[in-house]
Amino acid sequence: MVSVAPMRSPAPPEYAVWELMLTLRARYCSTPLNAFVSLALFGIILFMLVRAFDWAVLDGVWNAGSVTECQRAAGGACWAVLPARFRLILFGLYPFDQQWRPSLACMVMLLTCIGSCVPALWQPRRLAVLWLAAYVTFLGLMAGGFLGMPVVITDDWGGLALTFLLFSSAMILGMPLALLLALCRRSRFMVLRLTAGGVIDFLRSIPLMAVLFAVAIVLPVMLPNASGDKLVRVILGFTLFFASYQAENFRGGLQAVAKGQVEAAISLGMKYWQYHLKIILPQVFRIVLPQTMNQVVSCFKDTSYVALVGFFDMTASASAALGTGQWALAFVEVYLVVGLIYFGFCYSLSQYGSYLERRADVAYLR
Amino acid sequence: MRRQIGTPYLQVARPLPWPTLRTALGGGALVAVIVPVVFAIRAAITSKNFSFLSQPTNWGMDFSVLPYSSSDPYWWAFVVGIGNTVLVGFLSIVLATFVGLFVGLARLSKNGLLADLGAVYVNTIRNVPVILQAMFWYAVVLHLPPTRSSLDLFDTFYLSNRGLQMPSFVDAPAAAAMLGLTVVGFGAGLLASRPGPRLHRLIFVLVFVFAVATLAVVFSYHPAAATIEWATRAGLGFNGGVGVPGEFVALLVSITIYRSAFIAEIFRGGFNAISHEQIDAARALNMPAWLTLLKIRLPLALVSIVPGLGSECVTIMKITSIGIVVGFMDLFAVSSNSTLLTGRAVEVLATMVLCYVALNCSILLVAHAANRRVQIPGTVDG
């Protein structure tokens, strides 16, 4: 990896350039063979970048009615599909004249996500209030029925808004549930221990697809009268699945806290919830941070599974945007853009996670 | 009851029971929840009827690794679905491990640019949902040129919008059996050449001799087992060889690429976890680099790689359930079809879940055995 210089006072500018050169040499041309490999790879990468630039920018077409028109115009990327179809991709089947509501709702969610990265808000109460407020606003905007906003049934919710809804539900409901499951799994009571263990192990041994299939399609057959809204069932199933994985992460963290701490807390006369809330859990949260961030990222990606039980989330609506013959050939462009949206979200989440880890390391001096 | 200050340490360390009243209330509430659930499950099970499993399905499959026709019963359709799932899962595991190994090694390369490329690959692939990737690759396959102008690799493999046409053996089952026998013979030969108890080595030698003799006899009396049938373009289709449908290709490619990024990280982590002293010691003994990799770095890295790979196998088996994106009839797609056509949702779900649990448990058994095998005696888990 990069040869990192030990901490020292900033070098004068002429040395800084020299140091950069040295780093580059160590990294890319330490031996003649290495230099040759770097040169060859650089040539290939440059060639591909130029080709991609040609395709996307120089030959890209923004104004066309169909793919055939694009191909007649330049033969590069057919970006014209985006202005024609972006509303379907972002909002699914939501009524056209009401689409300011999901866009506002998505904005609120996005701002909440960004806002909860600010250290000043890192207190359980503040975070809980912020997320609950955002969640209620989101649901209110999407469902309507007040302030003159017409009601939109959940079957019409879709696109990025649905992806956000699933993700935020799994976060808000799933995290506390996961913690509860993990605590139950370590409980002194056999009933709790076995129940939590059974639920967690069962859900972890079957595919997410099977869980969603069970709640979306099998449950109405089992309980024809009392199965409720399909979206609510899917959200609950998805949340439970997320929680069972996250519970195992929490359990690992609970096991990692030194036993002496519990004993010390008990000897001070603290009760179960007191020492968990004040002593154990703050340490657990810090310990399980890396795994939790991985779980959160994979939760965001897994929202795309609902496409397979008949929901119009971003993945499904991307494929629906290609459905009509005139744009079917522009699949590379559409999947690229949708993939970029997922990538942007997941990559920034994981980068933020590793920033938090470094920060925790510095604070903890492990 | 309040705990006294100054109670002896041991009594304090053991968590004391809650006050009796609270325990009784909590226990009562739990029983009130659990008993109805147990009764509901019992009622659900006893009222169910699995007789549909022996009825004919009346629907076909485009591709199955086991023989299947629409007059076969449902239980056989499930077996065929498991066969397809295992086939995709097994091939994905093997291919993804290879790709992952190379990407992982690239990320550890002394060449910075190669390491950067590996990092870009891993970060890009890991952060895009596998369903989107499967849809993309399926669209790619569907937009390949038609069979007449199919892309060919060395006139051996042909890629067209119908899938992949590749060479096959004239007698495929016999060839598969022979391949299995070759692997067994090779393994026995390898084990026989190692030090061990005399009786064991004798058995290994006998197995080896038996395998070689059988192979020789079969190949001389039944040459079809070793004859390769090449695929050639003929008119609108192909002549000879075996066709792999595009759905299968798209599914395999997407799962392989997606999981290879995760496996690359497992390999990288494993190689990074080795303490540097071991490699320095090897260098001090003037061990060549390839021997260091083979005898020092790989065995040490495997200690932490194998558990990761084991859980990766389970993950891949579960991910094959996205086959429904491309219309591939795996275990999940068979179950979904059966539910819609028989209406026996609960029974089908129970069968499917049982199959997945059995599949994952058997993988975990193998993974645990492999894990025990690679642990080094004297280390934490060894």
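Nothing in this text is a laboratory measurement; each read-out follows from the coordinates by a stated rule. Predicted, not measured: the structure shown is a model, and the values here were computed from it. Here Cβ is always computed from backbone atoms with ideal geometry, including for glycine, and neighbour counts include all displayed protein chains.
Of the listed peptides B:80-88, A:105-113, what is their order by residue-averaged count of other C-beta atoms within 10 Å, with the highest listed first? Walk me through the numbers on the way to the answer.
Working: B:80-88: 21.9, A:105-113: 17.8.
Order by mean packing, descending: B:80-88, A:105-113.
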Candidates A:ILE172, A:ILE45, A:ILE235; GNM for chain A (alpha-carbon contacts under 10 Å) flags as most fluctuating A:ILE45
Give me Rg over Rh for region A:244-366, both radii from the alpha carbons and Rh done the Kirkwood way, two decimal places. 1.21
B:VAL242 and A:LEU22 label points (each 7 Å along its Cα→Cβ direction) are spaced in nm at 5.9 nm
What shape does the protein assembly as shown take by its C-alpha gyration tensor, where a ≥ b ≥ c are the square roots of the eigenvalues and a/c under 1.5 counts as rounded, a/b above b/c as prolate, and the rest as oblate? rounded
What is the total of Lys pairs in the protein assembly as shown with C-alpha atoms under 28 Å apart, excluding same-chain pairs fewer than 8 positions apart? 8
Along the charge dipole of the protein assembly as shown, pointing to its positive end and built from +1/-1 on Cβ of Lys, Arg, Asp and Glu, which listed residue (A:THR154, A:GLY269, A:ALA35) has its Cα farthest out? A:GLY269
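Roughly how crowded by other chains is peptide A:295-308, in terms of the mean Cβ count from those chains within 10 Å of each of its Cβ atoms?
4
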Global form of region A:81-364, assessed from the alpha-carbon gyration tensor, a/c cut-off 1.5: prolate
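What does the charge count around A:PHE311 come to, taking other residues whose C-beta lies under 10 Å from its C-beta (Lys +1, Arg +1, Asp -1, Glu -1)?
So the surrounding residues net to -1.
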Here the whole-number average of other chain Cβ atoms within 10 Å per Cβ of A:189-198 is 2
Whether chain B is rounded, prolate or oblate, judged on the alpha carbon gyration tensor where a/c under 1.5 counts as rounded: oblate
Once amide H atoms are built 1.01 Å from N in the peptide plane, which residues 5 or more positions from B:LEU164, or in another chain, come under 5 Å H to H? B:VAL244, B:GLY246
May I ask you to list the chymotrypsin sites (Phe, Trp or Tyr not before Pro) in region A:141-184 that are in a DSSP loop and have at most 12 other Cβ atoms within 10 Å of their Cβ? A:PHE146
Okay, helix-only estimate at 222 nm for chain A: each DSSP H run of n ≥ 4 adds -39500 (n - 2.57), divide by all residues, round to 500 deg cm²/dmol; what do you get? -22000 deg cm²/dmol
If packing is taken as the average number of other Cβ atoms within 10 Å across a peptide's residues, how do B:150-160, A:78-88 rank, most packed first? A:78-88, B:150-160
note: region B:209-336, Cα-Cα separations exceeding 21 Å make up a percent value of 68 percent
For the protein assembly as shown, with only Lys/Arg (+1) and Asp/Glu (-1) charged at the beta-carbon, what is the dipole magnitude about the Cα centre, in debye rounded to 20? 2800 debye
Give the Rg (one decimal place) followed by the Dmax (whole number) of region A:143-290, computed from C-alpha coordinates and expressed in Å. 19.1, 59
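Taking the Cα centre of region A:225-366 as origin, work out the dipole magnitude from +1 charges on Lys and Arg Cβ and -1 charges on Asp and Glu Cβ, in debye rounded to 20.
The dipole magnitude comes to about 540 debye.
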Dimensionless Rg/Rh of region A:156-225, both radii on Cα and Rh by Kirkwood, sits at 1.06
Among B:ALA345, A:GLY76, A:VAL296 the positive-end extreme of the charge dipole of the protein assembly as shown (Cβ point charges): A:VAL296
Using +1 at the Cβ of each Lys and Arg and -1 at the Cβ of each Asp and Glu in the protein assembly as shown, identify which of B:MET329, A:VAL17, A:SER103 lies farthest towards the dipole's positive end. A:VAL17
Dipole of region A:81-364, Cα-centred, from +1 at each Lys and Arg C-beta and -1 at each Asp and Glu C-beta, to the nearest 20 debye? 980 debye
For region A:229-273, which trypsin sites (Lys or Arg not before Pro) are in a loop by DSSP, counting at most 15 other Cβ atoms within 10 Å? A:LYS271
Semi-axes a, b, c in Å (a largest) for region B:292-371, each sqrt of 5 times a Cα gyration tensor eigenvalue, come to 36, 14, 6
GNM flexibility winner over chain B from B:THR232, B:THR214, B:THR256 (Cα, springs under 10 Å): B:THR214
For the pair A:PHE86/A:GLN351, report the inter-label distance in nm, with labels modelled 7 Å from Cα in the Cβ direction. 2.2 nm
Could you give the length gained on full extension between A:PHE202 and A:PHE189, defined as 0.36 nm per residue of separation minus the Cα-Cα distance, in nm? 2.7 nm
Would you tell me the mean number of C-beta atoms belonging to other protein chains that fall within 10 Å of each C-beta in B:132-141, as a whole number? 5
Taking 60 Å as R0, compute the FRET efficiency from the Cβ-Cβ separation of A:LEU127 and B:ASP280 and round it to 0.05. 0.80
Among B:ARG372, B:ARG344, B:ARG198, which one shows the biggest mean-square fluctuation in a GNM of chain B, springs joining Cα atoms closer than 10 Å? B:ARG198
Would you mind pulling out the separation of the Cα centroids of region A:232-308 and region B:263-330, in Å? 28 Å
I'd like the distance separating the alpha-carbon centroids of region B:166-230 and region A:38-106, in whole Å. 54 Å
